[in-house]
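> Submitted below is the structure of interest, expressed as structure tokens.
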Amino acid sequence: MSPLLNLFYNIYERSLLAGMKGKKVPDHIAIIMDGNRRFAGKFGKMVDYGHSRGADITEKVIEWSYEMGVKELTIYAFSTENFNRSDDETVRLFELITNKFDYMRKNERTHEREIRVRAVGDIGLLPKELQEATRRIEKATKGYRKFKLNVAIAYGGRQDIVQAVRKMADKVLINELMPEDVNENTVADHLYPMEGPSVSNVDLIIRTGGNERISNFLPWQANGNECAAYFCAPFWPEFRKIDLLRSIRIYQTRLAEQKRYERHREELFLSKMQNRCKEEERIRN
């Protein structure tokens, strides 16, 4: 980046930060990190290069999110559909995730900031080494509450709902759960991850790489909550802090619009009630 462009970038970043001041930041952000492979192809590199650069950006986004006051971050690292990729790519990607989990577990910043890391998905489908790395970091960060990092691996939203329904059905069969007791919270409690608190409702979902679709990601927590969505063109390794700030601005704008709509509805309701009272008083007189 040229010095002049860097100057404009910094000015724009400060402007976005100033615009956020005093406004609510989303509690839970979910990100579909799309574009690693296309990024590598753009530079004539192997796929591994894109995944490695993407992992570097992921570390930065975790840091930015923490600094901005976000409480929970869910990242889509590997979907169930990704198992259809070549064995060479999946093996190397699993090795990268394993190494990153071990790095985070040993990193003092993880513990200073009390970041709880959990895997979300069908962990039994993963290689033994990655399963063990997952258990290690989950155990090491289990007691932390300041910031939650959910890593969706071997995850598919529809499959998640199906397995939750099956678990509830099994409990109903053995009278451990009564059908009339099933509600939204019950379903949420049976979604991934298997242990600990459920993944909270998503306030903002981000997708990089230019595609404007959710791709079977957290349908219960995101679509059910009618969260704000931000789609941007940069590939994941190109994602910048200003892109995150822009997405939060979209969330804040949507939140303000919802509040205005709610106030308008309240005003209409009060106006109707006042008119009704006046009409009833007129009839009595």
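Readers should treat all values here as calculations from the given coordinates under stated rules, not as data from a laboratory. Note that the structure is predicted; figures quoted are calculated from it, not measured. Methodologically, a virtual Cβ is constructed for each residue, glycine included, from the backbone with ideal geometry; neighbour enumeration extends over all protein chains shown.
> Whole-Hz ³J(HN,Hα) for each residue in the range 50-55, computed from phi via Karplus 6.51 cos²θ - 1.76 cosθ + 1.60 with θ = phi - 60°, x for glycine and proline: what do you get?
x, 5, 5, 5, x, 5
> Continuing with the same structure: Label-point separation (nm) for V162 and L16, each offset 7 Å from Cα along Cα-to-Cβ?
Between V162 and L16, the label points sit 3.8 nm apart.
> Right, something else. If Rh is defined by the Kirkwood formula over all Cα pairs and Rg also comes from Cα, what ratio Rg/Rh do you get for the chain?
Expressed as Rg/Rh, it is 1.07.
> Could you give each residue of the range 78-95 its phi-based ³J(HN,Hα) in whole Hz, using Karplus coefficients 6.51, -1.76, 1.60 with θ = phi - 60°, and x for Gly or Pro?
7, 8, 5, 5, 5, 5, 7, 6, 4, 4, 4, 5, 5, 4, 5, 5, 5, 5
> Considering only DSSP states other than H, G, I, E and B, which GluC sites (Glu not before Pro) in the range 161-225 qualify as loop sites with at most 15 other Cβ atoms within 10 Å?
E176, E195, E212
> In sequence order, what are the phi-derived ³J(HN,Hα) couplings for the range 12-26 according to the Karplus relation 6.51 cos²θ - 1.76 cosθ + 1.60 with θ = phi - 60°, rounded to whole Hz, with x for glycine and proline?
5, 4, 5, 5, 5, 5, 5, x, 7, 4, x, 9, 5, 9, x
> Please give the length that would be gained between D181 and A256 if that part of the chain were fully extended, namely 0.36 nm times their separation in residues minus their C-alpha to C-alpha distance (nm, one decimal).
The D181-A256 span can extend by a further 23.5 nm.
> Let me ask another. Sum -39500 (n - 2.57) across every DSSP H segment of at least 4 residues in the chain, then divide by the residue count to get the 222 nm mean residue ellipticity, nearest 500.
Result for the chain: -18000 deg cm²/dmol, rounded to the nearest 500.
> If you don't mind, there's one more thing I want to ask. Mind listing which trypsin sites (Lys or Arg not before Pro) in the range 56-164 are in a DSSP loop and have 12 or fewer other Cβ atoms within 10 Å?
K142, R145, K146
> Moving on to the next point. Scan around V120 for amide H atoms under 5 Å from its own, H built in the peptide plane at 1.01 Å from N, and keep only partners 5 or more places away or cross-chain.
V151, A152, I153
> Using r as the Cβ-Cβ distance of K23 and R145, and R0 as 30 Å, what FRET efficiency do you calculate, to the nearest 0.05?
0.80
> FRET efficiency for K60 and Q274, Cβ-Cβ distance as r, R0 = 45 Å, nearest 0.05?
Between K60 and Q274 the formula returns 0.25.
> What length, rounded to one decimal in nm, is gained on full extension from R92 through to R246, with 0.36 nm per residue of separation minus their alpha-carbon distance?
Residue separation times 0.36 nm, minus the Cα-Cα distance, leaves 52.2 nm.
> Under the 0.36 nm per residue contour assumption, what length would be gained going from the current alpha-carbon distance of M194 and L4 to full extension?
63.4 nm
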